[in-house]
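Rule-based calculations on the coordinates, nothing more; no lab input. Because the structure is a prediction, the values reported are computed rather than measured. We place every Cβ from the backbone using ideal geometry, glycine too, and count neighbours over all the protein chains shown.
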Amino acid sequence: MLVQRLIAKLTVAVTDANIDYDGSIAIGRDLMALVGFKEYDMVHVNCLDTGKHWETYVIPGDDGEVCLNGAAANHFNIGDKVHILLYGITDRVNVYPKIVTL
């Protein structure tokens, strides 16, 4: 049986928001490597400050960067603490996610 499981979770503060970009979340390559995100992974972004939820895809950014692009820039502020969640579909029951809090 296939099930959806949490693969990785990064808790971090938003460093930038860019309304003039088509979409996505730019995450520093250093942070992507730390948690295991890949370019174009679909992620859920949950704001701990406002409760806002957003789904988008990852693009590589500058080291240390977490920038919400496009329409999401209207809903997240610089400094907001967010959970960035990556889910995957697997047939394994025992999946232990990579969890990083900065």
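Couple of notes before you dig in:
- Beta bridges by DSSP in the chain, antiparallel share as percent, to the nearest 5: 65
- The candidate values were (1) -0.94, -0.98, -1.03; (2) -0.48, -0.55, -1.03; (3) -0.62, -0.69, -1.09; the one computed from these coordinates for log10 I(q)/I(0) by the Debye sum over Cα atoms at q = 0.14, 0.15, 0.21 Å⁻¹ carries the label (2).
- Loop-located chymotrypsin sites (Phe, Trp or Tyr not before Pro) in region 21-52 (DSSP state not H, G, I, E or B) with no more than 14 neighbouring Cβ atoms inside 10 Å: Y40.
- Prolate is the label for region 21-66, because the ratio a/c of its alpha-carbon gyration tensor axes (a ≥ b ≥ c) is 1.5 or higher and a/b is greater than b/c.
- Residue-by-residue Karplus 3J(HN,Hα) for region 16-22, coefficients 6.51, -1.76, 1.60, Hz, glycine and proline x: 6, 9, 10, 5, 8, 10, 5
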